[in-house]
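The values are calculated or read from the model by the stated rules, or taken from the named source; none is laboratory data. What you see is a predicted model, and the numbers here were worked out from it, not measured in a lab. Cβ: placed from backbone, ideal geometry, glycine included. Neighbour counts: every protein chain shown. In case anyone asks, the SASA skips ligands and DNA or RNA and just uses the protein heavy atoms, side chains included. Shrake-Rupley method; radii C 1.70, N 1.55, O 1.52, S 1.80 Å.
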Amino acid sequence: MGLRQVSRTNPNAATEIWTLERTDTSSATIVWIMTELIRNPSVMKRAQTEVREAVKGKEKVEECHLPKLIYLKSVVKEGLRLHPPAPLLVPKETLENCTIEGYNILAKTRVFVNAKSIGTNSKYWKNQNEFQPERFLDSSIDFRGQHFELLPFGAGHRGCPGINFAILVIELAIANLLHRFDWELPHGIRRRDLDMEEAFGLTMHKKVPLCLVPKPMAL
Ligand code: HEM
């Protein structure tokens, strides 16, 4: 797909590019979470049971069901901790000289915050590379920029303004995928063989596309 040049004469292109970029981060997150769920069948089962009990035979999961899906919300948080789709956030520039942890940083220095590295730092996270949504069940740590150990949406006044929309879309998508289907790997592919490599780019996608077999659930 080609992107049109943004110019004063073509203002719609700006909105198009913006929309594409933003749906991209949400879709990358959904793919990473489904990958982690298929690698961790007990987590998938627990999330699926929670969703199916909350929705009780209804055709689809809707916004009104989400407050009941406490475990699913932890699954989404854990997915964003391990696979923040914008791992280096957006570059910032220092306004004045400052010292951070003993390092002198001059004014007008370009600074990157590595959210991926912070989210997998053993100083803050036990079993930092494991997909364990349970860690959030008894924890107040959230991704809204108040807890610096979890920053997939950045923080401060340039933090992501789309956070509520993004979380709603991701939670609804995952909940509906779990509600209506059981998921399996294609014949001959083992869980431990799943490729977890990240593609290089602005948004951190899975390099090798995820291929799963859906088995529709009778309602
Ligand atoms: C999983 C989904 C998403 C993630 C992880 C994400 C993450 C981010 C991050 C890390 C930033 C930079 C924040 C910083 O550097 O401190 C950002 C900025 C931004 N995001 Fe999101 N985003 C997502 C979805 C969305 C959606 C759905 C929208 C719009 C509906 C959106 C709109 C924006 C805008 C407009 C900015 C620029 C804000 C500014 O520079 O002031 N994002 N996002």
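How about LYS92: which lysines have a C-alpha closer than 18 Å to its C-alpha, ignoring those fewer than 8 places off in the same chain?
By straight Cα distance, LYS92 reaches LYS108, LYS116.
In whole Å, what is the distance between the alpha-carbon centres of region 179-214 and region 129-159?
24
Report, in degrees rounded to the nearest 10, the 0 to 90 angle that the Cα long axis of helix 70-82 makes with the longest principal axis of the chain.
40
Please work out the FRET efficiency for the pair ALA218 and ASP193, using the Cβ-Cβ distance as r and a Förster radius of 41 Å; give the result to the nearest 0.05.
0.85
Normalised radius of gyration for the chain, please: alpha carbon Rg relative to 2.2 N^0.38 Å, two decimal places.
Cα Rg divided by the expected 2.2 N^0.38 Å: 1.13.
Of GLY57, SER117, THR99, whose Cα points farthest to the positive end of the dipole of region 43-119 (charges on the beta-carbon: +1 Lys, Arg; -1 Asp, Glu; origin at the Cα centre)?
GLY57
To the nearest 20 debye, what charge dipole does the chain have about its Cα centre, counting +1 at the Cβ of each Lys and Arg and -1 at the Cβ of each Asp and Glu?
About 120 debye.
Could you give each residue of region 129-134 its phi-based ³J(HN,Hα) in whole Hz, using Karplus coefficients 6.51, -1.76, 1.60 with θ = phi - 60°, and x for Gly or Pro?
9, 8, 8, 10, x, 4
Which of the lysines could a cross-linker bridge to LYS215, judged by Cα under 19 Å and excluding same-chain residues fewer than eight apart?
Here the lysines satisfying the reach criterion relative to LYS215 are LYS45, LYS56, LYS58, LYS60.
Can you tell me how region 142-219 classifies by the Cα gyration tensor, rounded, prolate or oblate, using a/c under 1.5 as the rounded cut?
Taking the square roots of the gyration eigenvalues as a ≥ b ≥ c, region 142-219 is oblate.
Skip the ligands, DNA and RNA, and give the accessible area per residue of the chain with a 1.4 Å probe, whole Å².
Per-residue value: 63 Å².
What percentage of the solvent-accessible surface of the chain, computed with a 1.4 Å probe over protein heavy atoms, is contributed by carbon and sulfur atoms?
Solvent-exposed carbon and sulfur of the chain make up 55 percent of the total.
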